[in-house]
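Asker: What follows is a single structure, and I will ask about it in a moment.
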Amino acid sequence: MKPIVVTGGTGSLGRRVVRELLDAGREVVVLSRRARPVADGSRFVSVDLRTGDGLDQALTGVDTVVHCASTLTGGDEQAARTLIDAAKRAGVTHLVYISIVGIDRIPLPYYRTKLAVERQLEASGLGYTILRATQFHELVQHIFSLLGRSPIVPVPTMRFQPVDTRDVAGRLAELALGEPAGRVPDFGGPEVRDAKSLARAYLTATGRRRLLVPVRVPGRIMAGFRRGENLVGDRFDGEWTFEQFLAEHATRRPSRFTDAGGSGG
Ligand SMILES: NC(=O)c1ccc[n+]([C@@H]2O[C@H](COP(=O)([O-])OP(=O)(O)OC[C@H]3O[C@@H](n4cnc5c(N)ncnc54)[C@H](OP(=O)(O)O)[C@@H]3O)[C@@H](O)[C@H]2O)c1
């Protein structure tokens with residue numbers, strides 16, 4: 001069997017995809033700019049997808065690539081162009097891409113980039129599979145860790161359907177081991193929750209006491225989130241809840257701030 005390359009294989013999602021594929025008995029190559037082994041048995045190669053130096057070599061003898069590499073600082077479209085061109089030269093038959101639910105309905109600049117990459121794949125002539133997922137638990141935790149630095153926490157009036165990277169990785173690996181399937185049904189977490197209830201869960205898990213203040217953030221981007229365009233809504237695929245994630249990942253800290261006793265709620 002040929003090895004599978006996981007771009008972004010050192011990231012939150014990518015490292016779990018690597019493990020899933022190794023568990024399925026496949027040889028896996030982790031690719032990122034500063035690659036390193038993320039699991040016993042994985043090989044690794046350092047490539048910056050924006051330049052593609054070393055990419056042809058990394059894709060030699062590979063027929064499937066799971067593309068998880070991404071950065072908020074720009075360059076994803078160039079990276080996808082480079083990857084697609086190299087994949088064609090190497091005879092890759094299946095490129096699996098992880099995208100985000102609602103990218104065509106929420107005008108966030110990063111989402112426009114994700115949509116442009118989806119379009120590149122669709123036009124590439126390569127066999128491809130695109131899975132859109134909802135927000136990862138890591139991202140939701142990160143948002144509240146930033147907001148939670150202040151004694152008064154502004155909480156946007158919106159909902160999330162947070163999903164665990166373990167669940168998404170399992171689905172991505174399953175797709176990577178199958179045939180190219182085009183755009184497949186969106187993948188969401190087990191619950192739709194308003195941001196305030198997730199903020200409370202985060203504060204409880206980290207032992208913080210804060211005043212939660214709902215805020216209606218103006219603008220078209222937040223209007224899209226308020227409409228629920230980031231939710232799958234009618235499908236609840238993931239199994240791990242935000243509380244289960246926090247139980248493993250959150251660090252409890254004593255707080256010097258006064259409890260607001262759930263006001264804001
Ligand atoms: N976070 C969410 O809530 C969410 C939800 C749905 C879908 N997604 C999508 O899931 C994917 C993975 O997200 P994540 O949160 O796991 O990301 P992450 O933890 O930030 O990991 C990003 C990975 O990409 C690599 N990378 C970045 N730029 C690169 C480049 N130019 N060349 C090669 N490797 C590069 C990074 O490693 P180096 O720094 O070593 O290069 C890292 O391994 C992204 O496509 C994201 O859009 C995320």
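Asker: Between 0 and 90 degrees, rounded to the nearest ten: what's the tilt of helix 195-206 against the longest Cα principal axis of the chain?
Answerer: Compared with the principal axis, the helix lies near 90 degrees.
Asker: How much area per residue is accessible in the stretch 29-126 when the probe is 1.4 Å and only protein heavy atoms are counted (Å²)?
Answerer: 45 Å²
Asker: Ok, one more. Nearest 10 degrees, 0 to 90: what angle lies between the long axis of helix 137-147 and the longest principal axis of the chain (Cα atoms)?
Answerer: Helix 137-147 sits roughly 40 degrees off the main axis of the chain.
Asker: Could you give the C-alpha radius of gyration of the chain expressed as a fraction of 2.2 N^0.38 Å, taking N as the number of residues it contains?
Answerer: 1.06
Asker: Which is farthest toward the positive dipole end of the chain among 158, 175, 44, measuring Cα position about the Cα centre, with Cβ charges +1 (Lys, Arg) and -1 (Asp, Glu)?
Answerer: Of the candidates, 158 comes out farthest on the positive side.
Asker: Same structure again: First compute the accessible area of the chain with a 1.4 Å probe, then give the percent of it belonging to carbon and sulfur atoms.
Answerer: Carbon-and-sulfur percentage of accessible area, whole number: 51.
Asker: I'd like the distance between the alpha-carbon centres of the stretch 132-201 and the stretch 59-109, rounded to an integer number of Å.
Answerer: 20 Å
Asker: Give the cross-link partners of residue 196 among the lysines, using a straight C-alpha distance below 17 Å as the criterion and excluding same-chain residues fewer than 8 apart.
Answerer: Answer for residue 196, where 17 Å is the Cα cut-off: none of the lysines qualify.
Asker: Further question: Check cross-link reach from residue 2 to the lysines: straight Cα distance under 23 Å, and skip same-chain residues fewer than eight apart.
Answerer: 88
Asker: With a sphere of radius 11 Å drawn around the Cβ of residue 131, what net charge do the other residues whose Cβ falls strictly inside it have (Lys, Arg +1; Asp, Glu -1)?
Answerer: Spelling it out: positives minus negatives among the neighbours equals -1.
Asker: Sticking with this one: Toward the positive end of the charge dipole of the stretch 105-149, about the Cα centre and with charges on Cβ (Lys, Arg +1; Asp, Glu -1), which of 115, 134, 146 goes farthest?
Answerer: Of the listed residues, the answer is 146.
Asker: Which value, to two decimals, describes the C-alpha radius of gyration of the stretch 135-242 once divided by 2.2 N^0.38 Å?
Answerer: The stretch 135-242 yields a ratio of 1.19.
Asker: Working from Cα positions, state the angle (0 to 90°, nearest 10) between the long axis of helix 165-176 and the longest principal axis of the chain.
Answerer: 20 degrees
Asker: Tell me, Kirkwood radius of the stretch 19-120 from alpha-carbon pair distances, in Å?
Answerer: After inverting the pairwise mean of 1/r, the radius is 14.5 Å.
Asker: Something else about it: Can you tell me the dipole magnitude for the chain around its Cα centre, using point charges on the Cβ only (Lys, Arg +1; Asp, Glu -1), in Debye to the nearest 20?
Answerer: My answer is approximately 1180 debye.
The values are calculated or read from the model by the stated rules, or taken from the named source; none is laboratory data. All values reported here derive from a predicted model rather than from experimental measurement. Cβ coordinates were reconstructed from backbone atoms using ideal geometry, including for glycine residues, and neighbour counts include every protein chain displayed. To get the accessible areas, we keep the full protein, side chains included, count just its heavy atoms, and leave off ligands, DNA and RNA. Shrake-Rupley method; radii C 1.70, N 1.55, O 1.52, S 1.80 Å.
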